[in-house]
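Notes follow once the structure below has been shown.
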Amino acid sequence: MVLKQWLQRGSHWIKQAMPGYCAFCLAPALAGRGWCATCLDELPWNIHACRQCGEPVANETPLCGHCLIELPAFSATRAGLLYQGGIKALVHDFKFHASPRAGTLLCNLMLLTPPTAMGDALVSVPMHPSHARTRGFNQSHWLAEQLSQQLGMPVVNGRRIKILTLSER
Ligand SMILES: [Zn+2]
Ligand SMILES: [Zn+2]
């Protein structure tokens, strides 16, 4: 990588790579955590969410407009944080730069907002093997394995299949 490119992403990379310091602002982190108290407070928490699909909704509204019209095939969703600000940067760093610290931080943040009803197993979003080779590894499966160790729950492998419509047959 040329120096200019390295410098452009350097400041973000330094934040992700320094254990003991907050991944978002570089202040000293809370003991055993990857963030400081201020940044934890300011993260985009998904406080009022549709109980069915996890989309943000107005206070005290149980279901979003989409779910009121047609319920999805799954029974509940828990998305503790919104894809905004520091979380967006963290996901980007994990997904496209394979940062293990970003992955560990995401896993630890997910554990702060567990679902109210835990299931029997974890299933990561299946990725096509050729796509995983391009990315370097399957991030979704890596996260599921980290969560599995923390929660003592098994990981079940899913498989991506394509359902042909009548016009494609
Ligand atoms: Zn901070
Ligand atoms: Zn919904």
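Would you kindly state how much longer the chain becomes between Ala37 and Val91 on full extension, computed as 0.36 nm times their sequence separation minus their alpha carbon distance, in nm to one decimal? If you can, show how the numbers build up before the last one.
Values: separation 54, 0.36 × 54 = 19.44 nm, distance 2.03 nm.
The Ala37-Val91 span can extend by a further 17.4 nm.
Taking a ≥ b ≥ c as the square roots of the eigenvalues of the Cα gyration tensor, region 87-162 is classed as oblate, since a/c reaches at least 1.5 and a/b does not exceed b/c.
The chymotrypsin sites (Phe, Trp or Tyr not before Pro) found in region 39-107 that occupy coil by DSSP, while having at most 15 further C-beta atoms within 10 Å, are Phe74, Tyr83. Scanning residues 5 or more positions from Leu122 or on other chains, those with amide H under 5 Å from its amide H are Val155, Val156, with H placed 1.01 Å from N in the peptide plane. For the chain, the longest principal axis of the C-alpha atoms and the axis of helix 3-17 are separated by about 80°.
Between Trp35 and Ala23, Leu30, the built amide H atoms are under 5 Å apart, and every one of these is 5 or more places off in sequence or on another chain.
Neighbour counts of C-beta atoms inside 10 Å place Ser75, Ser167, Ser99, Ser148 in the sequence Ser167, Ser75, Ser148, Ser99, starting with the fewest. One chain, two ends: Gln149 and Val125. Fully extended at 0.36 nm per residue, the span grows by 6.9 nm beyond their Cα-Cα distance. Using just its DSSP H runs of length 4 or more, each adding -39500 (n - 2.57), the chain gives a mean residue ellipticity at 222 nm of -12500 deg cm²/dmol after division by all residues.
Looking at region 62-169, which GluC sites (Glu not before Pro) are DSSP coil and have at most 12 other C-beta atoms within 10 Å of their C-beta? Spell out each step's value before the answer.
Values: sites: Glu70, Glu145, Glu168; in loops: Glu70.
Here the GluC sites (Glu not before Pro) that fit, given the DSSP loop and packing criteria, are Glu70.
Using a/c under 1.5 as the rounded threshold, could you call region 34-84 rounded, prolate or oblate? The axes a ≥ b ≥ c are square roots of the C-alpha gyration tensor eigenvalues, and prolate needs a/b larger than b/c, oblate otherwise.
prolate
Taking amide H positions as modeled 1.01 Å from N, with prolines and chain starts lacking one, the residues under 5 Å from Ala49 and 5 or more places away or on another chain are Val57. Given axes a ≥ b ≥ c from the Cα gyration tensor, I'd like to know whether the chain is rounded (a/c under 1.5), prolate (a/b larger than b/c) or oblate. Oblate.
In order along region 38-47, the Karplus-derived 3J(HN,Hα) couplings, from 6.51 cos²θ - 1.76 cosθ + 1.60 at θ = phi - 60°, round to 5, 5, 4, 4, 8, 5, x, 5, 8, 6 Hz, and Gly and Pro are given as x.
Please find the FRET efficiency linking His48 to Ser75, where r is the Cβ-Cβ separation and R0 is fixed at 22 Å, and quote it to the nearest 0.05. Working shown, then result.
On the way: r = 19 Å, r/R0 = 0.87.
Given R0 = 22 Å and the Cβ-Cβ separation, E is 0.70.
The string of couplings for region 141-146 from the Karplus curve (6.51, -1.76, 1.60, θ = phi - 60°) is 5, 4, 4, 4, 5, 5 Hz, one whole number per residue in order, with x for Gly and Pro.
Rule-based calculations on the coordinates, nothing more; no lab input. All of these numbers come straight from a predicted model, not from anything done at the bench. Using ideal geometry, Cβ is built from the backbone for each residue, glycine included, and neighbour counts are taken over all protein chains shown.
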